[in-house]
Amino acid sequence: MGSQSVVDLIEVSSGAHFSGFHMDGIESRKAVIEQPTTSTDENVHNQPFVIGVAGGAASGKTTVCDMIIHQLHDQRVVVVNQDSFYHNLTDEELSRVHEYNFDHPDAFDTEKLLCTMDKLMHAQAVDIPNYDFKSYKNNVFSPRRVNPSDVIILEGILVFHDPRVRELMNMKIFVDTGPSTSENFKFLLCIIGGGLFLLCSSHHAIFSADADVRLARRIRRDTVERGRDIAMVLDQYSKFVKPAFDDFILPTKKYADIIIPRGGDNDVAVDLIVQHIRTKLGQHDLCKIYPNLYVIQTTFQIRGMHTLIRDAQTTKHDFVFYADRLIRLVVEHGLGHLPFTEKQVITPTGSVYTGVDFCKRLCGVSIVRSGESMENALRACCKGIKIGKILIHREGDNGQQLIYEKLPQDIANRNVLLLDPILGTGNSAVQAISLVIEKGVPESNIIFLNLISAPQGVHMVCKRFPRIKIVTSEIEIGLNKDFRVIPGMGEFGDRYFGTDDE
């Protein structure tokens, strides 16, 4: 595609720039990368999106999982049930099965679950046991073959209990039953009216809040699907299920990123979750590993501008024009990650408008010289902003020497926007960030803005500074043998300031 056709595309494109649905607190796995290499880590690009779904027994977890799978019909999704990893009961335990607590963490083979998840996350097919709830064995039926997938849903009452299992999850959902649904409560009343009133009255404590819904569903499931006696179900519920919920399951609710009230009846919550998952799946895989990495969602306009500034034949004038447009987008996106406070104003119509007030304690720091190309966009967005400078001498991939620094005296009390259009190996960025932190700036108050980032640089910065935010417009393939970003756009400073060798 020639430069002119790209310009035409940019002018006529009506593609809107929008951001995905954000939910704070969503954890991601941490990759351990010791040194930048000249090729990207293959494991990074095969990492599935792992969703944990927890909640009380019969709370509606399976319904929520089914709804997510149905809406993600164009993705490869697999469900791993914690129930598949129950321990086989010994002969002695079988003889006293009524006294066995299936809702206790020790009832599950967590080591086997971790091993299975590890294989799936490394693109290996696994055989998952089919646990038989009548014989209490996992070797009665043939195992279920599960292939690697884009999304893994790990479902079970205690999937949030073990921190090693929680660490695997990109998103944690806790399903609350909420108020009773008429169908389940009618089923419960039907059972009571059918001759079990006296038995139920002896377990009156279990009928409270949403526990009645879980109990009704559990009775339906255990009697119809698992062939159990109603009296046994009620006895087990009062002895083990309800106490285990209070002792082990409910406390894990605090680890959830999202809590769904009313379980599978909450269509709105599931729709928002699926929207967020789709956004994450559409992002670069590094965003699944580092929650502090933000890549601007691409549009035809953004792609067209990248095409122009990467073209070796593009003139300096056009390079500067479209680079400035991209830089402005990155800066504005970065400003969106700053803290805001609510503010009410009176409009010219005399009405009250509730909005937000911008963060006042802010400054920019450019890494000379390429970073200076981003200063005008920052000044255009933040009137009167202070901007400091850091000059680092670079030689090869790891030659670093601080030559000059001039930073605001009160920088420790400000949020800092660090400016450098190219994140390559990450060595210069690490030194610049380290200097800013030495000046007293908290790591979480630094936002690093750049146009393009190599995976090696992202690994380097995010591993060293997990609380810093990186905002970029595109992730590159990697670095070549000379440690230059590819496909890249050449020496950005030379092209922008017109000092490149003809």
Points 7 angstrom from Cα along the Cβ direction at GLU342 and SER444: gap in nanometres? 2.1
Quick one: grab the alpha carbon gyration tensor of the stretch 123-170, order the square roots of its eigenvalues as a ≥ b ≥ c, and give me rounded if a/c is under 1.5, else prolate or oblate depending on whether a/b is larger than b/c. oblate
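Using a Förster distance of 56 Å, how high is the FRET efficiency between ASN376 and PHE133, based on the Cβ-Cβ distance and rounded to 0.05?
0.25
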FRET efficiency for TYR353 and THR63, Cβ-Cβ distance as r, R0 = 35 Å, nearest 0.05? 0.30
In the stretch 85-148, with Lys and Arg counted as +1 and Asp and Glu as -1 at Cβ, which of these residues, ASN139, ASN88, MET121, has the Cα nearest the positive end of the dipole, that is, farthest along it? MET121
Under-5 Å amide H pairs with VAL79, H placed in peptide plane, nonlocal only: ILE153
Fully extended contour minus Cα-Cα distance, from ASN88 to ARG310, at 0.36 nm per residue: 73.9 nm
Take each of the peptides 120-128, 47-55, 93-101, average the number of other beta-carbon atoms within 10 Å over its residues, and list them starting from the highest. 47-55, 120-128, 93-101
Stokes-Einstein at 25 °C, 0.890 mPa s, Kirkwood radius from Cα pairs: D for the stretch 418-502 in µm² s⁻¹? 183
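Could the peptides 108-116, 456-464 be put in order, highest first, of the mean number of other beta-carbon atoms found within 10 Å of their residues?
Averaged packing, sorted descending, gives the order 456-464, 108-116.
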Could you list, in their original order, any pairs among LYS134/LYS172; LYS172/LYS288; LYS343/LYS383; LYS406/LYS463 whose Cα atoms are separated by more than 23 Å? LYS134/LYS172; LYS406/LYS463
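Over the stretch 405-463, calculate the relative contact order: mean separation of alpha carbon pairs under 8 Å at least 6 apart, over the residue count, as a percent.
Once normalised by length, the contact order is 50 percent.
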Using θ = phi - 60° and the Karplus relation 6.51 cos²θ - 1.76 cosθ + 1.60, list the HN-Hα couplings for the stretch 356-369 in order, rounded to whole Hz, with x at every Gly or Pro. 9, 10, 5, 5, 8, 8, 9, 8, x, 9, 9, 8, 5, 9
Neighbourhood charge, 9 Å Cβ-Cβ cut-off, centred on GLY364 and excluding it, Lys, Arg +1 and Asp, Glu -1: +1
Additional length obtainable on full extension of the chain from GLN275 to GLU332, 0.36 nm per residue less Cα span: 18.2 nm
Using the basic label-point model (7 angstrom from Cα toward the beta carbon), what is the LYS119 to LYS406 distance in nanometres? 6.2
In the structure shown, do any of LYS112/LYS137; LYS389/LYS439; LYS61/LYS137 have a Cα-Cα gap over 19 Å, and if so which? LYS61/LYS137
With each label point set 7 Å from Cα along the Cα-Cβ vector, what nm distance links LYS112 and ARG484? 5.6
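Can you compute the charge dipole magnitude of the stretch 427-502 about its Cα centre, using +1 on each Lys and Arg Cβ and -1 on each Asp and Glu Cβ, nothing else charged? Give it in debye, rounded to the nearest 20.
Its charge dipole is roughly 560 debye.
Only the coordinates and a few stated rules stand behind these numbers; no lab work does. Everything numeric in this text was worked out from a predicted model, so none of it was measured. So basically every Cβ, Gly included, is an ideal-geometry build from the backbone, and we count neighbours across all protein chains shown.
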